[in-house]
Amino acid sequence: MSGHDYVPWRKVRRWTCIRCGQCCRDFLVPLLTHEALRIYKSFGPFVVQVDGKIALAKRPDGSCVFLDYDGGVARCMIYFERPDVCRIYPFYVKAGPPEDHDALYTDDVGLKYGIYVDVKCPGAYRGPPIEPLLPKVIETWRKFYGWRSLSRS
């Protein structure tokens, strides 16, 4: 699998993690500097530089070094300390009102975002409704990207 296929969240409506590990096998996991330092300090030299970006190291098969399987179910060996980008996948967030109304999400203080779901994730279109997850996705995204205040455009 290569790349992402992002679709406005209202067109997907449902998502659940089916613990297949596909995201941990297929994508580079970029890290913020503080995440890289924390992971290096806590777990060892599993941080690399790829095309000028800091990222989690991968195994020779391309999977994340922290991906493990237990009875065929994927699990992250550093789940409670996993990077923020892992916490929000398969969601992609853009600040400000989106061009496509189906991507629009307005938070409880009136800030607008475009939210998209990577439909290459096997959990897309499955499970519970997405909308109740969006406040946590926004909170994690804002923490990851350092947004403290946004305009209400």
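The values are calculated or read from the model by the stated rules, or taken from the named source; none is laboratory data. Please read these numbers as outputs of a predicted model, since none were measured by experiment. When we count neighbours, we look across all protein chains shown, and the Cβ atoms used for this are built from the backbone with ideal geometry, even at glycine.
Key figures
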read-out	value
Sole exception among (1) touching a residue at least 24 places away in the same chain (Cβ under 8 Å); (2) in contact with a strand residue (DSSP E or B) (Cβ under 6 Å, 6 or more places away or on another chain); (3) β-branched (Val, Ile, Thr) for Thr106, by number	(1)
All positions within the range 113-132 that are surrounded by fewer than 19 Cβ atoms within 10 Å (Cβ to Cβ) and within 19 Å of Gly96 (Cα to Cα)	Glu131
Test: residue in the range 138-145 that is out of contact with any Leu (no Cβ under 8 Å at 6 or more places or on another chain), of a type in the set (Phe, Trp, Tyr) and free of Cβ contacts under 8 Å to residues at least 24 places away in the same chain	yes
Given (1) in contact (Cβ under 8 Å) with a residue 40 or more places away in the chain; (2) under 13 Å from Thr140 (Cα atoms), number of the condition Asp118 does not satisfy	(2)
Pick from the range 33-45, criterion touching a strand residue (DSSP E or B) at 6+ places or on another chain (Cβ under 8 Å) and surrounded by fewer than 18 Cβ atoms within 10 Å (Cβ to Cβ), ranking: modelled with the highest pLDDT	Tyr40
Residue check, Val85 in contact with a Phe, Trp or Tyr (Cβ under 7 Å, 6 or more places away or on another chain), outside any strand (DSSP E or B) and at pLDDT below 95	yes
Long-range neighbours under 7 Å by Cβ, at least six apart or interchain, first residue more than 16 Å from Gly21 (Cβ to Cβ) within the range 49-70, second small (Gly, Ala, Ser) and surrounded by 11 or more Cβ atoms within 10 Å (Cβ to Cβ)	Ile54/Ala36
Sole exception among (1) at pLDDT 95 or above; (2) surrounded by 17 or more Cβ atoms within 10 Å (Cβ to Cβ); (3) more than 19 Å from the chain's Cα centre (by Cα) for Leu67, by number	(3)
